[in-house]
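Just below is one structure, and these are the notes that go with it.
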Ligand SMILES: [Zn+2]
Ligand SMILES: [Zn+2]
């Protein structure tokens, strides 16, 4: 019996103890770490463990003084796991348990003129959604033991909404546990962060992802190896790509686009920036993913320029990588990667997306043939 989660042993150890012993449970947790590494999966498993009705009783603690240390004797990932089969576990997995809810962009509010924001193009969690939550949260759980609220992504709370939410964080009802999920921790007000118990999430190792894809998602060995390499720790990305036939082709197309653009001049760069800026208004996640491919590409150029081409992700593009590496050298690749880092921050800070993207593309080095 275990938590049915790939990796994250440390997080599960802490959360398992919180399930076993109410005195060690916080009312609010901050799950901090990159997207698609499994933060929401662990949050859901935690909600299951807190409400599972068939949970095996925790093993009796070892008498003090016995064994070499008090911890580490037990397999950590087996601490108070949810059964996965009782009604509570199943409805939580399906997102239908009345006491477990995720507050997210486009979710419910209870103001008569709005009610739900799924149709507006909001990229934020609004104050009216927090107000609705305040009404719900003080009610005792309907079916379970603990009301669990997952805020994902917590950094999407507007300043106003975060401020309103702070009141709930300051005086949480006894029966509530809140999990705030974020990849951009510094965007959350310090007042909010300081009231949460922080749990750091990192990516999984390549081998861990590869074997999980094979054993749990029935991937062919060759595909599992390829996706694990590209995933760079993000199991969620690998699983999505496995289920989406076009994902790897799309990635190849973006790489072709990048190589074409780097061979072009400023005019093409401006056009591309405008196109991405427009797309960002409609679907910011898609543009963030695309910028991730840009970073992968420049990282490959950097590795190739530093004589470590065997570590490049796009191992099937070594010829072009080599010619770009000799063109831009280490210095140019570092400059480009810095521009990519800056653009993430500028986009987060609500600068005009097109402007931020133009700056990024103009800061990237130019090939000698196109430099002016
Ligand atoms: Zn259960
Ligand atoms: Zn509303």
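The values are calculated or read from the model by the stated rules, or taken from the named source; none is laboratory data. Because the structure is predicted, anything quoted here is derived from the model rather than measured. For neighbour counting, all protein chains shown are included, and Cβ atoms are generated from backbone atoms with ideal geometry for every residue, glycine included.
Just a few scattered comments:
- Remark: residue 172 falls outside the filter, which requires a residue to be assigned to a loop (DSSP other than H, G, I, E, B), more than 16 Å from ligand 2 (Cβ to nearest atom), touching a strand residue (DSSP E or B) at 6+ places or on another chain (Cβ under 6 Å) and at pLDDT below 95.
- Test for residue 102: is it part of a strand (DSSP E or B) and either more than 16 Å from ligand 1 (Cβ to nearest atom) or at negative phi (or both): yes
- The set of residues from region 333-354 being modelled with pLDDT under 95 and either in contact with a strand residue (DSSP E or B) (Cβ under 9 Å, 6 or more places away or on another chain) or over 22 Å from residue 155 (Cβ atoms) (or both) comprises just one member, 354.
- In the set 347, 313, only one residue is outside the structural domain of residue 39 (by TED's automatic domain parsing), in contact with a helix residue (DSSP H, G or I) (Cβ under 8 Å, 6 or more places away or on another chain), touching a residue at least 60 places away in the same chain (Cβ under 8 Å) and part of a loop (DSSP other than H, G, I, E, B); that residue is 313.
- Looking across region 118-129, the residues that are near ligand 2 (Cβ under 10 Å from one of its atoms) and either within 22 Å of the chain's Cα centre (by Cα) or assigned to a helix (DSSP H, G or I) (or both) come down to 122, 126, 127, 128, 129.
- Qualifying residue in region 115-123 (condition: over 27 Å from residue 284 (Cα atoms) and either crowded, with 17+ Cβ neighbours inside 10 Å or in contact with a helix residue (DSSP H, G or I) (Cβ under 8 Å, 6 or more places away or on another chain) (or both)): no
- Residues that are at pLDDT 85 or above, within 25 Å of residue 174 (Cβ to Cβ), within 14 Å of ligand 2 (Cβ to nearest atom) and buried (at least 16 other Cβ atoms within 10 Å of the Cβ) occur in region 85-103; there is at least one.
- If you go through region 143-163 and keep only what is outside any loop (DSSP other than H, G, I, E, B) and crowded, with 19+ Cβ neighbours inside 10 Å, you end up with 147, 148, 149, 150, 151, 154, 155, 156, 157, 161, 162.
- Just one of the numbered conditions (1) at pLDDT 95 or above; (2) farther than 24 Å from residue 138 by Cβ is not true of residue 64: (1).
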